[in-house]
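Step one of this worksheet: look at the structure below.
The values are calculated or read from the model by the stated rules, or taken from the named source; none is laboratory data. No experiment lies behind these values; they were computed from the predicted model shown. All Cβ positions, even for glycine, are placed from backbone atoms using ideal geometry, and neighbour counts span all protein chains on display.
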Amino acid sequence: MEYQSPEFDQTGLQHALKNSYVGKTIEDVKTPAFVIDRSIFESNCAGMIKKAKEWGADFRAHLKTHKSTEGTKLQLATSEGKTGAVVVSTVKEAWEVWNSELVKDGYVNDILYGLPIGLNKISDLSALWDQMELYGGVVRLLVDHPEQIKLLEAFGREEGKSRPWSVFVKINGGQNRAGVATSSEALKSLVSAILGSSVVRLYGFYAHAGNAYASKSQSEATKYLSSEVQTVNDAAQYTLTHFKEQLASIQHTEPFVLSVGSTPTAHVSGLEAREILKQTLHGKLELHAGNYPLLDLQQQHTSLIDYPRIAQHVRALVVSYYPARGNNGEDEALIDAGAIAFSKDTGPSGSFGEVIGKPWTLARISQEHGILRCTNMDSPDAKLEVGTIVEIVGQHACLIAARSQAYPWYYVVDSRVGGGKEIVDVWVAWKGW
């Protein structure tokens, strides 16, 4: 059965939006609006595939930041090479990969559902796997608890499904989100449950260095990467050592896949990564990342990317102005974009966003409006006029783009076309769960 979602007719909406906006200037759109520069997006995607090659690793693209058909195509087929492996954060994303014909058209052949599997997700993902098998594709799962294996076994009995799920063991890299610790009783119990079950096959070990966002330099990101690789490698070594007989009994011969990454650690140079990877790996390395096509202030403050590589911003309207109202006498301004239009994440800069080309930051946000504050009253650009448009780069592109009420679609420009002001496409995002 096909996944059902109470969404609008996405194809019809997209055609209508393209007819309405493509060829017009970005100045014609209402605010707030989420804008993507396709040229920068493409370049970032090609750069990541190149980086994986430098590492000597396979690449798995995370789709959770932009959640769109067009963005996925740019991620997977670049001037530097291709990949057919993706990771998604929702069942909706997984099914939209199928509905968008990305499998049929040869873009995707491997989908990893990026959360430890839950009971009410199994049926939908199994149905998706039914479809993908027609094209030689596979759906993989994350697991981090033996009870999840029992759920998959119960589903197999009830549905009469005998095929085994391909699973990654999710490893806790230190940030205590999901996953089990290496060389722990939890890992031992989980691997034992996997190897003792007929409904799952151990594909590899997966870690995500979310804590790497604290990096302030290449050397700090390298340390996070080293720790992350060590974590999955230790888990693989532990499994090979402690479950040697069971692995032999099920004729396990393929090397485990060791999947690591986040956008900060993925930007570690190929030379430094190869130094880390000189250690004996107990499997085949896979790099995964998701924020990199768009990037944001959090990434820029790691010092691993330059500001011009940020491919997204929010357009907002200045609706009022308050001279000398700031705590230290700075001017402030009111805009028509607030918490729903941005993320409430902050970063090292302490603000919710920064105005492009002007000394202003997004200092405070309420539901539907934000307060800009001038950071340099001596600057020639210190004044903002009521009625003008500002372009703001926020802290966390993943959460900003996911704002379904604010941005059911994205306006796409291209800095190679019309000075980056002409709308060249409209992407309708896969919103919902």
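Within the stretch 370-425, the set of residues being assigned to a loop (DSSP other than H, G, I, E, B), under 27 Å from the mean Cα position of the chain (by Cα) and not aliphatic (A, V, I, L, M) comprises Gln395, His396, Arg403, Ser404, Gln405, Tyr407, Pro408, Asp414, Ser415, Arg416, Lys421.
Residues in the stretch 77-98 that are of a type in the set (Gly, Ala, Ser) and either surrounded by fewer than 19 Cβ atoms within 10 Å (Cβ to Cβ) or over 15 Å from the mean Cα position of the chain (by Cα) (or both): Ala77, Ser79, Gly81, Gly84. Here Leu63, Leu74 are screened, and the one residue that is of a type in the set (A, V, I, L, M), within 15 Å of the chain's Cα centre (by Cα) and farther than 14 Å from Ala429 by Cα is Leu74. Considering the conditions (1) exposed (fewer than 14 other Cβ atoms within 10 Å of the Cβ); (2) in contact (Cβ under 8 Å) with a residue 24 or more places away in the chain; (3) not acidic (Asp, Glu), Ile371 is excluded by exactly one of them, (1). Of everything in the stretch 314-330 that is surrounded by fewer than 17 Cβ atoms within 10 Å (Cβ to Cβ) and in contact with a Leu (Cβ under 6 Å, 6 or more places away or on another chain), the residue that is farthest from Asp37 (Cα to Cα) is Ser320. For the stretch 306-349, the set of residues classified as more than 21 Å from Leu294 (Cα to Cα) and small (Gly, Ala, Ser) consists of Ser320, Ala324, Gly326, Gly329, Ala333, listed by residue number. Take Ser189 and decide whether it is outside any loop (DSSP other than H, G, I, E, B), in contact with a helix residue (DSSP H, G or I) (Cβ under 8 Å, 6 or more places away or on another chain) and either under 19 Å from Leu247 (Cα atoms) or modelled with pLDDT under 95 (or both). Yes.
Filtering the stretch 315-344 to residues that are within 22 Å of Asp28 (Cβ to Cβ) and small (Gly, Ala, Ser) leaves Ala316, Ala337, Ala341. Just to be sure, is Leu225 hydrophobic (A, V, I, L, M, F, W, C), modelled with pLDDT under 95 and surrounded by fewer than 17 Cβ atoms within 10 Å (Cβ to Cβ)? In short, no. Considering each of Ala333, Ala382 in turn, give the residue that is buried (at least 20 other Cβ atoms within 10 Å of the Cβ) and aliphatic (A, V, I, L, M). Every option except Ala333 fails the conditions.
Which helices (runs of 4 or more DSSP H) does the stretch 229-291 wholly contain that include 1 or more residues that are crowded, with 22+ Cβ neighbours inside 10 Å and outside the structural domain of Ser89 (by TED's automatic domain parsing)? Those helices (runs of 4 or more DSSP H) do not exist here; none qualify. Assess whether Ala337 counts as being more than 21 Å from the chain's Cα centre (by Cα), in a strand (DSSP E or B) and modelled with pLDDT of 95 or more. Against the criterion (more than 21 Å from the chain's Cα centre (by Cα), in a strand (DSSP E or B) and modelled with pLDDT of 95 or more), Ala337 does not qualify.
Which residues, taken from the stretch 342-359, are within 14 Å of Leu317 (Cα to Cα) and touching a Ser or Thr at 6+ places or on another chain (Cβ under 9 Å)? Across the stretch 342-359, the qualifying residue is only Val355.
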